[in-house]
C-alpha cells in the first residue's frame, strides 16, 4: 500500500532541478512544491520545471504553489507575464464603487488563474484577507483588500471565486490575521496585544466568512489574548480554538514559511511543532537542501484528516474551466480601475 506524501511543501534552488534535488524529492516524497521568482524565467522553462517536480515524486497531481497576488508580490513578472495590480487597487475602487471593485477583483483573479493553469501551477497563495490598519507594518499595506471586514470579505470572495473558476485553488492568508502586526514576520516575531473580542470583530472576521475556502496559510503572529507564548503557526490553542473553532475553517491548513525569522530554533523541530500544533502541512521555501533534509527527517506523513481536506478542496475545482476572453477581461479591468 502506498504511503501518504510527507506533510511538507518544498521550494527548489533554481530554474531547473538538479540531480541531487531530484533524488531527494523522490526519496522524501513531499506533498508538493512552491515556486519563487528564482525559479521562473519564461513560460516554457516554468512548464518544464513543474513537470520535473511532479515527475520527481511520481504524482501528476502533486500541488504546485506560487505567490501571485499582484503588485509587490508577483513571482511571475513582465515581460513574459502580466503586471497584475495590487489588491489595494480594488480596495481603493471599492470606496467609490463596490460593485465595480468586486467585478474587477474577480476578473483579475480569473486572469491570474488562466496564467497559472497554463503553466501547470494549481495553487495560488491569495487572497490576502489581512486588514490594512493604522500603525501596522507595511508588509501588508497595499496587499490588503481594505481596512473594514465587510469590504475585505466581499472582495476576498470575488478573488477566491475567480481563482476557483479558472481551475486554481486559492489560499486565504494569513489566518487568523496579520494586519495588526507592527513588525514584518519575515524578520521579527509580531506580537498583537488587542483583546480577543476586538480581534474577533475585526482581524478574524473575514476568515470566518471565508471559512469554506479550500486552503489557508497561517500567520507567524503571537496573539497575547489567546496564546502569549506561541505564534499561531505553532500554537495548538490558536489553531484549535480560533482557526478550527471560532473561525470554523476545516480546509487544508498550511503554515507560512518555517524559515522566516519570526520563528526561532531548528528548522526541523519547528516543522514538527507546526504539524503537531494542527497544521496539515508546512512550507519550507528557500530551496536550501541541507535544511530540507532536516525538515524531511522531522516531518511526518500527511494525516488522514489532511488527506480528506486536500480531497475536498480539489473537488471544488471545475472539471473544465470555461473559456476566458483574455482581451475582453483585460479591457474591462482597465475600464473599471480608471473609472
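The values are calculated or read from the model by the stated rules, or taken from the named source; none is laboratory data. The structure displayed is predicted, hence computed values, not measured ones. When we count neighbours, we look across all protein chains shown, and the Cβ atoms used for this are built from the backbone with ideal geometry, even at glycine.
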- Item | Exclusive hit being in contact with a helix residue (DSSP H, G or I) (Cβ under 6 Å, 6 or more places away or on another chain) and closer than 17 Å to residue 173 by Cα, set 101, 91, 105, 62 | 105
- The lone exception for residue 222 - which of (1) over 30 Å from residue 323 (Cα atoms); (2) surrounded by fewer than 21 Cβ atoms within 10 Å (Cβ to Cβ) it fails: (2)
- Item | Of residues in the range 226-261 being without any contact (Cβ under 8 Å) to a residue 24 or more places away in the chain and in a helix (DSSP H, G or I), the one surrounded by the fewest Cβ atoms within 10 Å (Cβ to Cβ) | 245
- Task: Could you please tell me which pairs satisfy a Cβ distance under 9 Å, a separation of 6+ or placement on different chains, a first residue in the range 318-339 that is touching a residue at least 12 places away in the same chain (Cβ under 8 Å), and a second residue that is assigned to a helix (DSSP H, G or I) and surrounded by fewer than 13 Cβ atoms within 10 Å (Cβ to Cβ)?
- Result: 339/96
- Which condition number does residue 334 fail, the rest of (1) exposed (fewer than 14 other Cβ atoms within 10 Å of the Cβ); (2) farther than 28 Å from residue 40 by Cβ; (3) at pLDDT 95 or above being met? (2)
- Just for helices (runs of 4 or more DSSP H) wholly inside the range 112-225: which have at least 2 residues that are on the phi < 0 side of the Ramachandran plot and touching a strand residue (DSSP E or B) at 6+ places or on another chain (Cβ under 6 Å)? 149-165
- Note on the structure: If we keep only residues of the range 289-317 that are free of Cβ contacts under 8 Å to residues at least 40 places away in the same chain and more than 23 Å from residue 122 (Cβ to Cβ), then the residue surrounded by the fewest Cβ atoms within 10 Å (Cβ to Cβ) is 290
